[in-house]
Structures are given as C-alpha cells and as structure tokens.
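Here's the structure we're looking at; comments come further down.
The values are calculated or read from the model by the stated rules, or taken from the named source; none is laboratory data. Note that this is a predicted model, so its numbers are computed, not measured. Heads up, the Cβs are rebuilt from the backbone with ideal geometry, glycines too, and the neighbour counts pull from every protein chain shown. These accessible areas exclude ligands, DNA and RNA; they are computed on the full protein's heavy atoms, side chains included. Shrake-Rupley method; radii C 1.70, N 1.55, O 1.52, S 1.80 Å.
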Amino acid sequence: MAQTKRKRRTKHRGNAAGAVEARGRTSKPVAGAPAKGGRAPAGNGRGAARRPQPELRPPTIKSAALKALFGVVILFVFFRFLSKGNTTAQAISFCAVAFLLYTPVMYYTDRFIYNRKLRQRAAQGKKR
C-alpha cells in the first residue's frame, strides 16, 4: 500500500505550567547574510517609528457630501420603512433637508480633524 507523503510536524513541548512553547531557531545563521527584521527603535510604543505616516489630504465639499449622502440613505430607510405613517414623498423631503444640513456639518468636522492632525504632526516634528 502506498504511503501518503506528509510534511513533518514540528514538536511543541509543554512546560510545568501547561503552556506550550514553540521551539526557536535550531540552525545557525548563514555567514554574510543580512540580518532580518528586528525591533523598531524605541519610540512611543505605538509603532510610529516603523511606519511612515499616511499623506494628509485636506477636506473637500465633495467628500463631505458623500459622507452626508451615506447618512441620508440610512435616514431614508428609517423614515420610509421603520417609522409608521410616513409616505415616500415625506421621507424624501426629510432626507433632502437632512442632506443640506449634514453636508456643512461633515465638512467642518473633517476640517477640524484635519487641522488637529496637522498640529500633531508639527508638534512631533519639533520633538525630533
């Protein structure tokens, strides 16, 4: 009978407390090979030294309108299907008013967050 070819499993040994520890490296590193990975330099503990910060883009009316539109769709579902006694025309009119109110609120919220992140990055630049 043909035997199936299975890869060997590495052994895990439990300690006296019952925790299972995986075996570490068992071979010697190749001479002249560059060192892999390693720990990041000491920083604030959140990995900021490791990753580059994403590019900040200033807020736009278009992005605020898209966020407001997403909220208005949820409101439409609520007004039309979950609340009793509202017609489709009423739900659409409520949503149109909400869209006109949500868009500037979203824009100013995005602008506030953008300015705060700019100040935080400037303060980090002064520290270094």
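Does G125 qualify as being at pLDDT below 95 and outside any helix (DSSP H, G or I)?
no
Of all residues in segment 92-119, how many are under 25 Å from the mean Cα position of the chain (by Cα), open to solvent by 100 Å² or more (accessible area, probe 1.4 Å) and of a type outside the set (F, W, Y)?
Total meeting the criteria: 3.
Is there any pair linking a residue in segment 54-77 that is touching a residue at least 60 places away in the same chain (Cβ under 8 Å) to one that is among the aromatic types (F, W, Y), with Cβ under 7 Å and at least six apart or on different chains, and which?
Listed pairs, sorted by first residue: L56/Y114.
Given the conditions (1) part of a loop (DSSP other than H, G, I, E, B); (2) closer than 26 Å to R119 by Cα, report the number of the one that G85 does not fulfil.
It is condition (2) that G85 fails.
Would you confirm whether or not segment 5-15 contains a residue that is modelled with pLDDT of 70 or more, outside any loop (DSSP other than H, G, I, E, B), farther than 30 Å from R121 by Cα and not charged (D, E, K, R)?
Let us first name the residues in segment 5-15 that are modelled with pLDDT of 70 or more, namely 5-9, 14-15.
Cutting the leftovers down to outside any loop (DSSP other than H, G, I, E, B) gives us 14.
Right, trim to farther than 30 Å from R121 by Cα and you get 14.
Now drop any that are not not charged (D, E, K, R), which leaves 14.
Within segment 5-15, one or more residues are modelled with pLDDT of 70 or more, outside any loop (DSSP other than H, G, I, E, B), farther than 30 Å from R121 by Cα and not charged (D, E, K, R).
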